[in-house]
1. Out of the residues in the range 76-102 that are free of Cβ contacts under 8 Å to residues at least 24 places away in the same chain and either of a type in the set (Lys, Arg) or farther than 19 Å from Glu132 by Cβ (or both), which is surrounded by the most Cβ atoms within 10 Å (Cβ to Cβ)?
2. Could you list, ordered by first residue, the pairs with Cβ atoms under 9 Å in which the first is in the range 44-56 and under 17 Å from Gln91 (Cβ atoms) and the second is part of a helix (DSSP H, G or I) and among the β-branched types (Val, Ile, Thr), at least 6 apart or interchain?
3. Specify which of the listed residues (Gly46, Gly56, Gly35) is surrounded by 18 or more Cβ atoms within 10 Å (Cβ to Cβ) and either modelled with pLDDT of 95 or more or of a type in the set (D, E, K, R) (or both).
4. Among the numbered conditions (1) surrounded by fewer than 20 Cβ atoms within 10 Å (Cβ to Cβ); (2) at pLDDT 95 or above, tell me where Leu64 comes up short.
5. Among the residues of the range 112-130, what is the count of those that are of a type in the set (Asp, Glu) and over 21 Å from Leu27 (Cβ atoms)?
6. Specify which of the listed residues (Leu19, Leu14) is within 13 Å of the chain's Cα centre (by Cα), under 12 Å from Ala85 (Cα atoms) and buried (at least 17 other Cβ atoms within 10 Å of the Cβ).
7. So which residues in the range 7-66 are part of a helix (DSSP H, G or I) and polar (S, T, N, Q)?
Amino acid sequence: MAATVVNRQRRVALSPARLARAAERALAAVGRPAGDVEVLVADDDGIRRLNDAYRGVRRRTDVLAFPLEAPDLPSPLVGQVVISAETARRQARRLGVPLGAELELLVTHGVLHLVGWDDRDPVEAGLMHERERAILGAAGRGTPARLWRGLLA
């Protein structure tokens, strides 16, 4: 299993190694321990452009996921997760949690999207957030419950 982190922003200090470990933990938890994923860390402008180009949504977001598996070809490639470091920092401050915890949640959330989890429906979103809690809780970090505050209406 390999998680590659590419940091294309300079405004927010972060640990690429921590993001890689979070991606690898999430892959293992969803039964893809040999999977490869790239985590791209962008700024708000970069993720806004991607969100517009690939989803037709002209605003920034915190995380995007691009599954890249080819169903017919055996490959360890799972996909790419794109995170806005600036949005993550704002969300962490609003919730009063460490930036690292917010980034780990976003990586985990993105990996779940890569393997088919969806959060557009409130029931599915609740299930997805439970799975995130389980994955992050298994890391033994005492993940703050307030990471999920306000996510479900």
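1. Arg90
2. Cβ pairs passing all conditions: Asp44/Thr87; Ile47/Thr87.
3. Working: Gly56 fails: surrounded by 18 or more Cβ atoms within 10 Å (Cβ to Cβ); Gly35 fails: either modelled with pLDDT of 95 or more or of a type in the set (D, E, K, R) (or both).
When all the criteria are applied, what remains is Gly46.
4. (1)
5. The qualifying residues number 1.
6. It is Leu19.
7. Asn51
Residues checked against (1) charged (D, E, K, R); (2) farther than 12 Å from Val41 by Cα; (3) touching a helix residue (DSSP H, G or I) at 6+ places or on another chain (Cβ under 8 Å); (4) not in a loop (DSSP other than H, G, I, E, B):
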position	(1), (2), (3), (4)
Val81	no, no, yes, yes
Arg90	yes, yes, no, yes
Ala101	no, yes, yes, yes
Ala125	no, yes, no, yes
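The values are calculated or read from the model by the stated rules, or taken from the named source; none is laboratory data. Source: prediction; values computed, not measured. Note that each Cβ is placed from the backbone with ideal geometry, even for glycine, and that neighbours are counted across all protein chains shown.
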